[in-house]
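The values are calculated or read from the model by the stated rules, or taken from the named source; none is laboratory data. Worth saying up front: this structure is predicted, and the values here are computed from it rather than measured. Reconstructed Cβ throughout: ideal geometry from the backbone, glycine too, with neighbour counts over all protein chains shown. These accessible areas exclude ligands, DNA and RNA; they are computed on the full protein's heavy atoms, side chains included. Shrake-Rupley method; radii C 1.70, N 1.55, O 1.52, S 1.80 Å.
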Amino acid sequence: MFLNSALTTALDTIAERAADVRRAFTPGALPEHDDVATPSPKSDFTLDPLAVSAPDGAYFVVRDDRGEYRYTRAGDFEIRDGGLTDRTGMPVCGIRSPNGEVTTLRVDAVDAALGRASAARIEPDGTLSYRRDAIDPRNGARESQQIVAGRVLLAGFPGATRLESDGEHLRPPAGVEPQRGLPGEGEFGALQPMHRERSRIDVDRGLARLKEAYIRFEAIAAAENAKGRLGKTAMDLLK
């Protein structure tokens, strides 16, 4: 069957609706379509000390493999190869010192290499810290020290900004610059530690819209088939 513009559009809608349903259980996921969005963010308690929920209207800043900034509501972070990353492996951005430049957050390279960085956690003000365990070579005594690796960065956008999604991360339209800051400072509220934000997608409504998209596609396909049969009948009569 030849796919005209109506059928192509209907298939694209099915793909978008299906993507919303798939992301319904992804922490921090935002819907492609507003009619399946939940009204406000909700989070669940977790024992993971690197999981944090961002204040409403704020996004975590990550960096892709081209060095470009991307944004996410998903704060289920982890330490990979000494660096703080989101669940897809993108490095999380922050600052390492007061008034410092924006960079990716990492534990000390020597601590990471020697395996003496443990018990990493993120505080309400975005502070990433970890425990440095070492043994004093002079007397063999075990020592522990709490080390601050930096603070997680947040970003916000004007209220009417429609962020573009690739399914995992967000980016603003061309020409729209984010406001950046630290949790608990300026316009940004504090983080909620040991909480994992739910997706903002209502799965029941998402499934209902997906079903409607399939029904619409089937109706268009049936109409196109009927049109094709009618055309064939007309050609047969002319023979």
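Just want the answer: with Cβ charges of +1 for Lys and Arg and -1 for Asp and Glu, which residue in Gly67, Pro124, Gly83 is farthest toward the dipole's positive end in segment 1-141?
Of Gly67, Pro124, Gly83, it is Gly83.
What does the charge count around Val152 come to, taking other residues whose C-beta lies under 10 Å from its C-beta (Lys +1, Arg +1, Asp -1, Glu -1)?
Local charge sum for Val152: -1.
Grab the other residues whose beta carbon is less than 13 angstrom from that of Ala18, score K and R as +1, D and E as -1, and report the net.
Every neighbour counted, the sum reads 0.
Could you work out the relative contact order of segment 1-126? I mean the mean sequence separation of Cα pairs under 8 Å and 6+ apart, divided by the number of residues, in percent.
Contact order relative to length: 17 percent.
For segment 84-160, just say rounded, prolate or oblate: build the C-alpha gyration tensor, square-root its eigenvalues into a ≥ b ≥ c, call rounded for a/c under 1.5, and beyond that prolate if a/b exceeds b/c, oblate if not.
Prolate is the answer for segment 84-160, as a/c is 1.5 or above and a/b outweighs b/c.
In terms of solvent-accessible area of protein heavy atoms at a 1.4 angstrom probe, what is the ranking of Tyr214, Tyr59, highest value first?
Most to least solvent-accessible, the answer reads Tyr214, Tyr59.
In 5 Å bins starting at zero, report the fraction of Cα pairs in the chain per bin as a rounded %.
Going from the shortest bin to the longest, the percentages are 1, 6, 11, 14, 14, 12, 9, 7, 6, 5, 4, 3, 2, 2, 1, 1, 1, 0, 0, 0, 0.
Using alpha-carbon pairs under 8 Å, 6+ residues apart, how would you state the relative contact order of segment 84-239 in percent?
Value for segment 84-239: 16 percent.
Which net charge results for the neighbourhood of Asp35, defined as the other residues with beta-carbon distances under 11 angstrom from its beta-carbon, given Lys and Arg at +1 and Asp and Glu at -1?
Local net charge: -2.
So what are the ³J(HN,Hα) numbers for segment 181-188, from phi and the Karplus equation (6.51, -1.76, 1.60; θ = phi - 60°), rounded to whole Hz, Gly and Pro as x?
Per residue, the Karplus-derived 3J(HN,Hα) values read x, 10, x, x, 10, x, 7, 9 Hz.
Quick check: the distance between the Cα centres of segment 16-57 and segment 84-148, to the nearest angstrom?
28
Per-residue HN-Hα couplings for segment 57-72, Karplus 6.51 cos²θ - 1.76 cosθ + 1.60 at θ = phi - 60°, whole Hz, x for Gly and Pro?
x, 10, 9, 7, 10, 10, 10, 7, 6, 9, x, 8, 7, 10, 10, 8
Measuring with a 1.4 Å probe in the full set of protein chains, what accessible area per residue, in whole Å², belongs to segment 1-105?
49
At a 1.4 Å probe radius, carbon and sulfur cover how many percent of the accessible area of segment 80-129?
48
In square angstrom, what is the accessible area per residue of segment 141-232 with a 1.4 angstrom probe?
Using a 1.4 Å probe on heavy atoms only, each residue of segment 141-232 averages 61 Å².
Counting other Cβ atoms within 10 Å of each Cβ, which trypsin sites (Lys or Arg not before Pro) in segment 1-69 have at most 15 and sit in a DSSP loop?
Lys42, Arg66
Once both axes come from the Cα atoms, what is the angle between helix 5-22 and the longest principal axis of the chain, in degrees from 0 to 90, rounded to 10?
Value to nearest ten degrees: 30.
Go ahead and estimate [θ] at 222 nm for the chain from helices alone: -39,500 (n - 2.57) per DSSP H run with n ≥ 4, summed, over the residue count, rounded to 500.
Value at 222 nm, helices only, nearest 500: -8500 deg cm²/dmol.
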